[in-house]
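For reference, the structure discussed in these notes is given below.
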Amino acid sequence: MKPFDMSVVVQAQYLADQSDPADQTFVFAYTVRITNSGQRPAQIISRHWVIVDGNNVREDVRGLGVVGQQPLLAAGETFEYTSGCPLKTPVGSMRGTYLCVGEDGVPFDVAVPEFVLAMPRTLH
């Protein structure tokens, strides 16, 4: 096991009540579970999301922390949050990275694997 290691699991869902397909507005929520699977505490400092819609239009979103926080996770601890993403198409994807810092002050990146944002009944 590595001294500093984080694992990320994401679950996305379509928010029909906040979307307006006639106006090309499709809103999705995604819940992220970040678990410190390393042996030492580490803090999430910032995020970088790459969002791509169904027209292959890319948007990069960068910011400090996650949902206004910079959680410090002890070994074995999990932090979960939910956020949202509007798209102009019924299908898209997200992937990204979290910049974390170990207790030794050394930064490291944690990859968030690509996940799909899809309105129900739009993918086969």
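Each value in this text was obtained by applying a stated rule to the coordinates, not by laboratory testing. All figures in this text were calculated on a predicted structure; none of them were measured in a lab. Every residue, glycine as well, gets a Cβ built from its backbone with ideal geometry; the counts of neighbours run over all protein chains shown.
Of the residues Val110, Val57, Val27, the one that moves most in a GNM of the chain with alpha-carbon contacts below 10 Å is Val57.
Once C-alpha pairs closer than 8 Å and six or more residues apart are averaged by separation and normalised to the residue number of the stretch 1-109, the relative contact order reads 31 percent. The Cα trace of the stretch 1-58 gives Rg and Dmax of 16.4, 50 Å, the first to one decimal, the second as a whole number.
Electrostatic tally near Pro90: other residues with Cβ closer than 13 Å to its Cβ, Lys and Arg +1, Asp and Glu -1, net -1. Rounded to the nearest 20, the Cβ-based charge dipole of the chain about its Cα centre (Lys and Arg +1, Asp and Glu -1) stands at 160 debye.
Enumerate the residues in the stretch 4-24 having an amide nitrogen under 16 Å from the point lying 7 Å beyond the Cα of Asn55 toward its Cβ. Counting only backbone N, you get 20-24.
Stokes-Einstein, applied to the Kirkwood radius of the stretch 44-94 over Cα pairs at a viscosity of 0.890 mPa s and 25 °C, places its translational diffusion at 193 µm² s⁻¹.
The local environment of Asn36, defined by Cβ-Cβ distances under 9 Å, has a net charge of -1 under the rule Lys, Arg +1 and Asp, Glu -1. For Kirkwood radius over Cα pairs in Å, the choices are (1) 14.4; (2) 15.7; (3) 15.3; which was calculated from the structure? The listed entry that was calculated here is (3).
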